[in-house]
Amino acid sequence: MEGLVSLKTTPPGISFHASPPSTTTTTSTSARRFSLVRRSLLASSMGTRRRNGVSETKDESATVSPANGDVETALKAKEWEVGMFHNEVAATQGIRIRRRPPTGPPQHYVGPFEFRIQSEGNTPRNILEEIIWHKDVEVAQLKERRPLFRLKNALDSAPPTKDFVGALRAAYQQTGLPGLIAEVKKASPSRGILREDFDPVEIAQAYEKGGAACLSVLTDEKYFKGSFENLEAIRNAGVKCPLLCKEFIVDAWQIYYARTKGADAILLIAAVLPDLDIKYMIKICKMLGLATLVEVHNEREMDRVLGIEGVELIGINNRSLETFEVDISNTKKLLEGERGQKIREKDIIVVGESGLFTPDDIAYVQEAGVKAVLVGESIVKQSDPGKGIAGLFGKDISS
């Protein structure tokens, strides 16, 4: 194993651990530590006053900070600690996707130590983990350029949110078919570029004309060639369909930012986020008037999400985010027995995702219990995406 360690001056009053906490810590203890550190981080990010080496948050609680006042460095240390606790808590819930490389702080980190070991631990185990590691760095940089408190004016002037859940229910009742969430998607890691002549507004308008109940807009730039500018452009173009921000959410900041760009709903991925994060982010979304689509891939994730209060939409992704193989029978498997009964009792709308190309595919997942579908590839590649919708359902659903 080869490594490189760069030592920097440690600010007074701050201690830093270069290695992650012991994985032998119990689930409850880890969750409490995770929650406490995150609350401290949130309080600091929302603004602090310093007086004689003590930081006073806006709610007048106080925490000890560096005597000579390097609040920014303290925040970075807390962020790193939150990331390490996240991996620890996530592992206890069967989550294999790590938030960041486990053997040292990420390269963008500037703090008491800059520590990177070149080893197997710093190699993503699959494409989803690679995306999440990149997203963690990307969001940290965005937060530095535009802290949460600076989003306030944009939040105040954002357009009212549209009823995402209501639009799906109405579409199902009107057509007797699953409500369509049509995806504005230029590319994917598994398929490459899906459409060269990609005009997000034109595609969104064609979807709406073709009978889509809602739209999903990819905002990840590196892996899906999307952007928040696409989301904003569609909203500003007068499209009436509610909009789902299709992003890899790892930080609450992204939810606020998506709201400023015109999002009506947010995607949360259970393969990435522990229960505590999902609960916390659902509360933030409700506060901002946003719906949440919580995505699952297997039985354990479904069981976790069904145990969380406030979930109205569950997406079942038939694509393995580790291997990218697709099997639409996954939807049926996750909706059988007690799970299906719980979903009906809670009046949750289930959204079928991935591998849906034909009317037979739609009929299959509908029979399994799906009341909405999220489809991108099979319709965005059509010369007329609106006609692609009619082909997907076997009939015109625009009326």
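Residues are listed down the side, and each one gets a yes or a no for (1) small (G, A, S); (2) surrounded by fewer than 15 Cβ atoms within 10 Å (Cβ to Cβ); (3) in contact with a Leu (Cβ under 9 Å, 6 or more places away or on another chain); (4) outside the structural domain of G262 (by TED's automatic domain parsing):
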| site | (1), (2), (3), (4) |
| --- | --- |
| Q174 | no, yes, no, no |
| G179 | yes, no, yes, no |
| V184 | no, no, yes, no |
| S188 | yes, no, yes, no |
| R191 | no, yes, no, no |
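If we keep just the residues of segment 317-347 that are in contact with a helix residue (DSSP H, G or I) (Cβ under 8 Å, 6 or more places away or on another chain) and among the aliphatic types (A, V, I, L, M), which is farthest from I97 (Cα to Cα)? Checking each candidate, the answer is I343. The numbered conditions (1) surrounded by 15 or more Cβ atoms within 10 Å (Cβ to Cβ); (2) free of Cβ contacts under 8 Å to residues at least 60 places away in the same chain are all true for D199 except (1).
Conditions (1) of a type in the set (S, T, N, Q); (2) part of a loop (DSSP other than H, G, I, E, B); (3) in the same structural domain as S329 (by TED's automatic domain parsing), marked per residue:
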{"residue": "D360", "(1), (2), (3)": "no, no, yes"}
{"residue": "S383", "(1), (2), (3)": "yes, yes, yes"}
{"residue": "K387", "(1), (2), (3)": "no, no, yes"}
{"residue": "S399", "(1), (2), (3)": "yes, yes, no"}
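Specify the residue that is surrounded by the fewest Cβ atoms within 10 Å (Cβ to Cβ); the eligible residues are those in segment 271-315 that are of a type in the set (G, A, S) and touching a residue at least 60 places away in the same chain (Cβ under 8 Å). Step through it out loud before you land on a result.
Taking segment 271-315 as the starting set, the residues that turn out to be of a type in the set (G, A, S) are 271, 289, 291, 307, 310, 315.
This time we only want the ones that are touching a residue at least 60 places away in the same chain (Cβ under 8 Å), so: 271, 289, 291.
Working: A271: 22, G289: 13, A291: 25.
Once the filter is applied, the top-ranked residue is G289.
Right, M281: within 21 Å of G94 (Cα to Cα) and either out of contact with any helix residue (DSSP H, G or I) (no Cβ under 9 Å at 6 or more places or on another chain) or outside any loop (DSSP other than H, G, I, E, B) (or both) or not? So M281 passes the test.
Within segment 202-224, is there a residue that is small (G, A, S) and modelled with pLDDT under 95? First the steps, then the outcome.
So in segment 202-224, the residues small (G, A, S) come out as 204, 206, 210-213, 216.
This time we only want the ones that are modelled with pLDDT under 95, so: none.
No - not one qualifying residue is present in segment 202-224.
Restricting attention to segment 302-344, report how many residues are assigned to a helix (DSSP H, G or I) and of a type outside the set (G, A, S). Residues flagged as assigned to a helix (DSSP H, G or I) and of a type outside the set (G, A, S) within segment 302-344 amount to 16.
The values are calculated or read from the model by the stated rules, or taken from the named source; none is laboratory data. Model, not experiment: these values are computed from the prediction. Backbone-built Cβ (ideal geometry, glycine too); neighbour counts: all protein chains shown.
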